[in-house]
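Before any comments, here is the structure.
Read the figures in this text as sums done on the coordinates, not as results from a lab. None of the values given here were measured: they were computed from a predicted structure. Every residue, glycine as well, gets a Cβ built from its backbone with ideal geometry; the counts of neighbours run over all protein chains shown.
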Amino acid sequence: MDVNAADIYDVVGVGFGPSNLAFAIALEENGADSPAGPVTSAFFERQSSFGWHRNMLLPSATMQVSFLKDLATLRNPVSRFGFISFLHASGRLEQFINTQTFFPTREEFHQYLDWAQGLFSDRVSYGSEVTGIQLPTETTSATAQYLQVNVRDCGTGDTRTVAARNIVISTGLVPQVPDGVASDERVWHSSEFLERFKQASPDTLKKVAVVGAGQSGAEIARFLYDSLPQAQIYAIIPSYGYSIADDTPFANRVFDSAAVDDYYFGTERGREAFWRYHKNTNYSVADDEVIRDLYQRMYMEELRGTKRLHLLNLARVTNVKRMGNESRVSMESLLDGGSQDLDVDALVFATGYDSMDPSGVLGVLDDYCLRDGAGRHRVGRDYRLVTTPDVSCGIYLQGGTEHTHGLTSSLLSNIAVRGGEIADSILQRRSVDGPAASGLTAPA
Ligand code: FDA
Ligand code: NAP
């Protein structure tokens, strides 16, 4: 591939969810007066249009983070890309104030994100999947001034290659199901829930099970109970009961931007303490409101002598087998080790996600990325992957940095600040060292 310097993007972003959207905003605002001239960027998103966990846009789902932790406000409180600017542009600012909430619906926040992404239409290509990144074919040494990014058109299947001096990978969480389970038209992961649910005919859904005690499991159990008034709903959870997500003020400080430094520069023991004491701010827990809603429904059933919401607690799903039109779910009891089967018309695995793993997108370039003793990517404080000297371009991660940067890695809480830190890292290296700046800022 012959490339003129003018054809090399300063930045290519992989994925265009909230993280890269916040980064694009930071690049726009922080790079406005860049002494090295305008920053060129292109973002590639495999979905055909913008969508933020669309299959979990359940009617009553609310945000799990304050609207003030939007795409920009924590970095730049006067940004025109903040949630309040969106409300103002939509003519709803006063009405929103009257709701007296910090936690809008996911539906409204989705509208906000969609509004913000629309302001970047000149640099985003939808329906475009990044399939790999490599050093230029003619160069395998430190002289490489750019990386080649392969982009597949999801509609036609055609592939093209673009050149970039920096790459920001933000491909999101990876849906997780128990080993050996394969999804099909009646076995779904929560990440595909609404689409699958709409495809199924409601009268064929007489017995439905939801696996998992996290926010997704609780929200889906409530939704199914309310949407399928004739159906039996089984909630299979590994705990004794749903546990609450701790969002009390002191615990919530683990999501402050300052906590990233404490985590990154802390000891291994300190990092372990973050997880041990504060995992319950986010994982395998649900909001107070949805837990109480579910309990109230069960209680009303007691009152009325009817029963169609069944809690199968202290139970882990071990296997799923297709039996004609039904699926047979096998569970192990954590109480006595016994096993139990349940035949259902549909089964939803709200069993969570793995962290973002950049290896697939990096492809052969992953061989140039250094790992720590536990085999995890080494990452600078500025979210830049540590590479061998063969790679002088910047590869940045938004996600997949739980081991280096802590609990906010996969969440919205810190995206405004993180986007700014990555933008500043790129801009500073560009103005100090020229376009293909190198230099590593990694912990030993
Ligand atoms: P996100 O997954 O949103 O976006 C990644 C994008 O990359 C996707 O659009 C994907 O299509 C694209 N992509 C992937 N591979 C690609 C490739 N090879 N080429 C091109 N594009 C590619 N957190 C929080 O703090 N508060 C909250 O309220 C919530 N709510 C919430 C609800 C639900 C249902 C879930 C599952 C998760 C949350 N979260 C959350 C956590 C969640 O991770 C967070 O809200 C954001 O989605 C993170 O944004 P990202 O852009 O990093 O990933
Ligand atoms: P999660 O919190 O990781 O919960 C997964 C649940 O599945 C856990 O209870 C887990 O149990 C259970 N599980 C896993 N394997 C199992 C098995 N074989 N049998 C039985 N149970 C099993 O995942 P999530 O609920 O999808 O939440 C993921 C993220 O999305 C969180 O950040 C959450 O806050 C966010 N979210 C937000 C909203 C919203 O904003 N409204 C909605 C949904 C999700 P263990 O405890 O044993 O692991």
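So here's what we get for this one:
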{"quantity": "Most fluctuating residue given options 273, 163, 286, as computed from a GNM of the chain linking Cα atoms under 10 Å", "calculated": "273"}
{"quantity": "Simple Cβ-charge dipole of the range 133-278, Lys/Arg +1 and Asp/Glu -1, about Cα centre, in debye nearest 20", "calculated": "160 debye"}
{"quantity": "Spin-label pair residue 325/residue 296, simplified geometry with 7 Å Cα→Cβ offset, distance in nm", "calculated": "3.5 nm"}
{"quantity": "0 to 90° range, to nearest 10: angle between helix 288-304 axis and the chain longest Cα axis", "calculated": "10 degrees"}
{"quantity": "The chain - charge dipole about Cα centre, Lys and Arg +1 at Cβ, Asp and Glu -1, debye rounded to 20", "calculated": "560 debye"}
{"quantity": "Length released on extending from residue 277 to residue 359, taking residue separation times 0.36 nm less the Cα-Cα span", "calculated": "26.6 nm"}
{"quantity": "Bridge type composition, the chain - antiparallel percent by DSSP, nearest 5", "calculated": "50 percent"}
{"quantity": "Lys pairs, the chain - Cα-Cα below 29 angstrom, 8 or more residues apart or on other chains", "calculated": "10"}
{"quantity": "Angle between the chain longest axis and helix 215-227 axis [Cα atoms, degrees, rounded to 10]", "calculated": "50 degrees"}
{"quantity": "Contact order relative to length of the range 1-119, as percent, for alpha carbon pairs under 8 angstrom and 6 or more apart", "calculated": "28 percent"}
{"quantity": "Inter-part distance where the range 202-239 and the range 93-116 are each reduced to a Cα centre, Å", "calculated": "27 Å"}
{"quantity": "Overall form of the range 358-420 per C-alpha gyration tensor (a/c, 1.5; a/b vs b/c)", "calculated": "prolate"}
{"quantity": "Sorted by Cβ density within 10 Å, fewest first, the residues 383, 263, 368", "calculated": "368, 263, 383"}
{"quantity": "Inter-part distance where the range 331-347 and the range 25-64 are each reduced to a Cα centre, Å", "calculated": "42 Å"}
{"quantity": "Relative contact order for the chain, counting Cα pairs under 8 Å that sit 6 or more residues apart, in percent", "calculated": "23 percent"}
{"quantity": "Within the chain, longest stretch clear of exposed GluC sites (Glu not before Pro) (DSSP loop, no more than 11 other Cβ within 10 Å)", "calculated": "186-444"}
